[in-house]
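The values are calculated or read from the model by the stated rules, or taken from the named source; none is laboratory data. These numbers come from a predicted model, not from an experiment. A quick note on method: Cβ atoms are made from the backbone with ideal geometry, for glycine too, and the neighbour counts reach across all protein chains shown. The area values use the complete protein model at the heavy-atom level, side chains included, leaving out ligands, DNA and RNA. Shrake-Rupley method; radii C 1.70, N 1.55, O 1.52, S 1.80 Å.
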Amino acid sequence: MYGPDSTHDPALRSWVESANDPLTDFPIQNLPFGRFRTHRNEPWRIGVAIGDQVLDLKLAAELCPWPARVSVWLEPLAAGHLNAFMALGSRPRRSLRAALSAALAERSEQAPFLELCLVPQGQAQMTLPCNIGDYTDFFTSIHHAKAVGRLFRPDNPLLPNYEWVPIGYHGRASSIGVSGMPIHRPNGQYKLPDQERPIFGPSRRLDYELELGVLVGVGNDQGQPKNMGQAEDDWFGMVVLNDWSARDVQNWEYQPLGPFLAKNFATTISPWIVTQEALQPFRAPFQRDPASPQPLPYLDSPANREYGQVDVHLEVLLQSAAMHERGQSPVRLSQSNYKDASFWTIAQTLAHHTVNGCNLQPGDLIGTGTLSGPAQEQGGSLLELSAGGWQPIILPGGETRSFLLDGDTVMLRAWCERKGARRIGFGPCVGTIAPAVPWPAA
Ligand code: CA
């Protein structure tokens, strides 16, 4: 296993003072990659978040002296191509991390050069961190699968394949955007419970889904599956993901082929990719209840059992338009943890995705599925928290919610913290619901 190194030392401090703030998501131990610009007409550039700043890697490649091998890896990044760097694999990832860590650490001789390459995050407009060619969404939380299964099929909540095969479906890449992207209430076709025929109109059951997203680093050739070891080595990093969902549309359309228009109108991710290396101190064993079927051999490995999971704390907050007007802080709706929620690890989902010969490519996004915890109040969607809309949530100020209303802002948060390690965070994944776009007149 790739073990902790000097880049993970919790005592390591940066000459970028804001990175030493105990509350920052981006201390020197994190160093996530994103894509930004400061003016409308300039090309997008790759940056690394450090405290409340962005280190511009184009400027850093030009203005700062680097060892020759580091300059080679900085080349695709300086050109704005994160995918090309992601495709290089774990060794360059780890070496560049070590070089950036040393350069940003206190007493670094590169500090006078890199000071000229910092952009305040407040001045940076963010876009998708890489080109996402394909998007697949899994269903790895057994607690979510059971809770939602109970609502859709009370007599048969968990289908018999669930404990054997990582369930997923192909999503849509074109409608993925970063935190802050506009979310219009989708129009669609759905059936009200007391009516025989479906109606068309703005969804009345708009929901969020609390997920993490995994970005593929090294791809695989068509027909050449990844084994568990390759699958583990080849993922690049993670983001927070909100898989916005129209439950009324979903309920009417999902059989027999699964989600379609209920899900593909918008997906929001956080703009910074937290690398697999930054997550190293937070890896955790994969344990399967002995009463459940054990993974088939192609989904099993000693390394996966030893550290296949990742310990990520998750929470959802909501602020209604009225709360915003009153200056009231967002209210927390739920909390959960990725390692407790997921029945399948990242390596298992990637190995499974390729087992039939399907080729993954650098930058592909793999959603974990809604990460609900075991308790009802740990539901990762309003569908679960409001028990299918039957038990509305009461917000501060007395408003109630079964599903999202226009003007509601949903904030997903993720962070890792453990004794003996520096806390790292994922940055924002926020969206505000705008009214449905009126149907164009014929
Ligand atoms: Ca989902």
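The table below lists the values:
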read-out	value
10 Å Cβ shell holding at most 11 others, DSSP loop, GluC sites (Glu not before Pro): longest site-free stretch of the chain	197-442
Under the Karplus curve 6.51 cos²θ - 1.76 cosθ + 1.60, θ = phi - 60°, whole-Hz ³J(HN,Hα) for the range 77-94, x wherever Gly or Pro sits	5, 5, 7, x, 10, 5, 4, 5, 6, 4, 6, 6, x, 6, 5, x, 4, 6
Karplus 3J(HN,Hα) series, Hz, for the range 412-422 with 6.51 cos²θ - 1.76 cosθ + 1.60 (x for Gly, Pro)	9, 10, 9, 7, 10, 8, 7, 4, x, 10, 7
Sparse-neighbour loop sites [trypsin sites (Lys or Arg not before Pro); the range 1-52; at most 14 other C-beta within 10 Å; DSSP]	Arg40
Relative contact order of the range 6-127, pairs being alpha-carbon contacts under 8 Å that are 6 or more residues apart, as %	31 percent
Rough spin-label spacing in nm, given labels placed 7 Å along Cα→Cβ, for Arg288 and Ile394	4.4 nm
Fluctuation leader among Pro297, Pro112, Pro92 - the chain, Gaussian network, Cα springs under 10 angstrom	Pro297
Extended-chain gain in nm, criterion 0.36 nm per residue less alpha-carbon gap, Leu257 and Trp44	72.9 nm
Distance in nm between pseudo-label sites at Leu151 and Ser18 (7 Å out along the Cβ direction from Cα)	3.8 nm
Relative counts (whole %) of C-alpha pair distances in the range 6-127, using bins that are 10 Å wide	14, 48, 34, 4, 0
Size descriptor, Kirkwood hydrodynamic radius, that averages inverse alpha-carbon separations across the range 268-325, Å	15.0 Å
Alpha carbon centroid spacing (whole Å) that separates the range 129-189 from the range 69-117	35 Å
Those trypsin sites (Lys or Arg not before Pro) in the range 333-428 that DSSP places in a loop and that have at most 10 other beta carbons within 10 Å	Lys419
Model label zone, Gln224; criterion: amide N under 17 Å from point 7 Å along Cα-to-beta-carbon; scope the range 357-376	357-363
Spatially proximal lysines relative to Lys263 (Cα-Cα < 22 Å; intrachain offsets below 8 disregarded)	Lys146, Lys191
Accessible carbon and sulfur surface of the chain relative to its total accessible area, %, 1.4 Å	54 percent
Global geometry of the range 167-281, whether rounded, prolate or oblate, following the gyration tensor of its Cα atoms and the 1.5 cut on a/c	prolate
Where the Cα pairs of the range 135-434 fall when distances are cut into 20 Å bins, in %	34, 58, 7
Trypsin sites (Lys or Arg not before Pro) within the range 250-325, DSSP loop, no more than 15 other Cβ atoms inside 10 Å	Arg288
Estimated [θ] at 222 nm from DSSP helical runs (n ≥ 4, -39500 (n - 2.57)) normalised by residues in the chain, nearest 500	-5500 deg cm²/dmol
For the range 135-434: relative contact order, % (alpha-carbon pairs under 8 angstrom, 6 or more apart)	28 percent
In nm, spacing of pseudo-spin labels at Glu325 and Ala387 (7 Å Cα→C-beta vector)	3.1 nm
Calculated from backbone phi, Karplus (6.51, -1.76, 1.60) coupling profile of the range 262-268 in Hz, x at Gly/Pro	5, 10, 8, 7, 6, 9, 9
Qualifying lysines (Cα of each under 17 Å from Cα of Lys226; at least 8 residues distant if same chain)	none
